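Written below as structure tokens is the structure these notes are about.
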2 protein chains.
Amino acid sequence: MAATQALPTLDAARLKIACKSCSLFELCLPLGLESNDLDRLETIIQRAKPLTPGTHVFHVGDPFRAIYAIRSGSLKSYTLTNDGEEQITGFHLPGELVGLDAISTNAHHCGAIALETVSICTIPFDQIQTLSQTIPSLGQQLLRLMSMEIMHNQDHLATLSKKSADQRLAALLISISERYKRRGFSESEFNLTMSRGDIGNYLGLAIETVSRLFTKFQQQNILETQRKFVRILDMQQLKTIAGSCGTAC
Amino acid sequence: MAATQALPTLDAARLKIACKSCSLFELCLPLGLESNDLDRLETIIQRAKPLTPGTHVFHVGDPFRAIYAIRSGSLKSYTLTNDGEEQITGFHLPGELVGLDAISTNAHHCGAIALETVSICTIPFDQIQTLSQTIPSLGQQLLRLMSMEIMHNQDHLATLSKKSADQRLAALLISISERYKRRGFSESEFNLTMSRGDIGNYLGLAIETVSRLFTKFQQQNILETQRKFVRILDMQQLKTIAGSCGTAC
DNA sequence: CGAATCCTTGAACACCTTCAACAGGGGTGG
DNA sequence: CCACCCCTGTTGAAGGTGTTCAAGGATTCG
């Protein structure tokens, strides 16, 4: 059972500060694991050098070997449409997993690119599967995370299908704000790590429309922006715009 | 509604002809299972009376107890937007699983409604999890099916984000055609089980737009339609419209 | 047979896109 | 350090695609 071999002290130290002391613990794959199971998970996790902005974590079509958790920084994931255009499917913050869509085909259907300097935990999939057989809660957490991804995609799908441009941008800003908040950062001030073009691509809008919306929100005193920096001045109104459901949400 | 009479011998027979002889075997959850493992899976699968059109398989917010496989007929699944509107997230044919999005929250995020008379296999989730611990390939197949759902949602997301109304309807018709074909039905003639309103809702278009597109495709001799019946006359052109990538796809 | 529902068609309008030009940083090289 | 260039982002005007509003036709079901 304890395949964990004695490790050099340096590695042990590095591993020790890994998942157990990671502030993202409760958002990430290890959630729900016992301490000793966590130790076993940590032995299979690989932590490489940070990636520089614009670097691929994996490309579309790459063979599927691992899933990836973000330790710090942010990513965008994208698919290619059949005429070769990029469709951004999500922006990912620390604690989130990417690469889950590759399980069924054994090849990455999405690509993932660093939006800023990013630290990644690489988790080889065959080893997760092996571990899951003796750590049921690991497999369960993997299922939960995949289910969350399905839910999130469905929400975004509804956004693209039904909402106006204003609503879409408001919803994105709120989503980013809430995710930063959960990670202990300011919910009202942050730097967008993605370009206007990325935002437009993700929201199904032209880049010019996104730009105009930022201007408009600023004129309405909902936001204050300087290029990538955003300060939310009126969260309530932003939520009203996003949800268009009066005061309740 | 009517009393579910216990018919022991009939039930036993019905269970016996279950997954092993089901024509959907290779599309569904049992794929990849050994014969004896399949027997064990079949003991937990519940097969109730067919549902009548318009009946819910499960509602939004229902506690999560099981996932559901379609034996015959078709379903639509939908989420509710925060202002209470229905957003259809998918149309489902025999062999497909629904309810996978509920795993993370233990409550159904989507609802599912029968579009016609539908036979359902109910697979209690706690029992799948128990079984998966001794049948690894069952857990793997579940992961694969969830991954496929993620991929499918991402494709649809790209459709809503980038494609024109013509492209969206063409893509949907091709998707339905291909899925019928894989199940041994005609790829060029079928009955749409969903309404124009459902199609519009799914594709992010007004019902009037959908209606006009059907008229247009008919005038272009791509389709022949009589209300819900569709005959595809020019599959090649339909694919060209959907993909807008010349002759290749 | 009538009512209700679903679908179709027409016309005006709105929203967002496209095209075009310009502004403003950030980096590089002189 | 400044000038220059490139890239990103902003702004304006025109145009198109799909929506909305409105009315009429078809089908189903009681």
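Rule-based calculations on the coordinates, nothing more; no lab input. What you see is a predicted model, and the numbers here were worked out from it, not measured in a lab. FYI the Cβ positions are ideal-geometry reconstructions off the backbone, even for glycines, and counts take in every protein chain you see.
The table that follows gives values for the structure above.
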| item | result |
| --- | --- |
| Rounded to the nearest 20 debye, dipole of chain B from Cβ charges on Lys, Arg, Asp, Glu | 500 debye |
| Kirkwood estimate for the protein assembly as shown, i.e. one over the average of 1/r between Cα atoms, Å | 24.4 Å |
| Chain B: angle of helix B:207-219 to the longest principal axis, Cα-based, in degrees nearest 10 | 70 degrees |
| Dipole in debye (nearest 20) - the protein assembly as shown, about Cα centre, beta carbon charges: Lys, Arg +1; Asp, Glu -1 | 400 debye |
| Neighbour-count ranking [beta-carbon atoms within 10 angstrom, fewest first] of A:MET151, A:MET235 | A:MET235, A:MET151 |
| Kirkwood-type radius of chain B, with distances r between different C-alpha atoms, in Å | 19.5 Å |
| Nearest-first distances (nm) between copies at A:ILE44, label 7 Å from Cα via Cβ | 2.1 |
| 0 to 90° range, to nearest 10: angle between helix B:125-134 axis and chain B longest Cα axis | 70 degrees |
| Mean residue ellipticity (222 nm) of the protein assembly as shown, computed from DSSP H runs ≥ 4 via -39,500 (n - 2.57), nearest 500 | -13000 deg cm²/dmol |
| Lys, Arg +1 and Asp, Glu -1 on Cβ, resulting dipole of the stretch A:163-245 about Cα centre, debye, nearest 20 | 160 debye |
| For chain A, with +1 on Lys and Arg beta carbons and -1 on Asp and Glu, the positive-most of A:ILE120, A:SER186, A:LEU51 along the dipole | A:SER186 |
| Anchor B:LYS20: aspartates and glutamates whose Cα lies under 20 Å away (excluding residues fewer than 8 positions away in-chain) | B:ASP11, B:GLU34, B:ASP37, B:ASP39, B:GLU42, B:GLU96 |
| Ordering of A:174-185, A:194-205, A:79-90 by packing [mean C-beta count within 10 Å, highest first] | A:194-205, A:79-90, A:174-185 |
| Fraction of alpha-carbon pairs over 23 Å apart in the stretch B:163-245 - percent | 11 percent |
| Angle between chain B longest axis and helix B:136-162 axis [Cα atoms, degrees, rounded to 10] | 20 degrees |
| Filter on B:LYS162/B:LYS216; A:LYS76/B:LYS76; A:LYS216/B:LYS162; A:LYS181/B:LYS76; A:LYS49/A:LYS239; A:LYS216/B:LYS76 - keep pairs with C-alpha separation over 27 Å | A:LYS76/B:LYS76; A:LYS181/B:LYS76; A:LYS49/A:LYS239; A:LYS216/B:LYS76 |
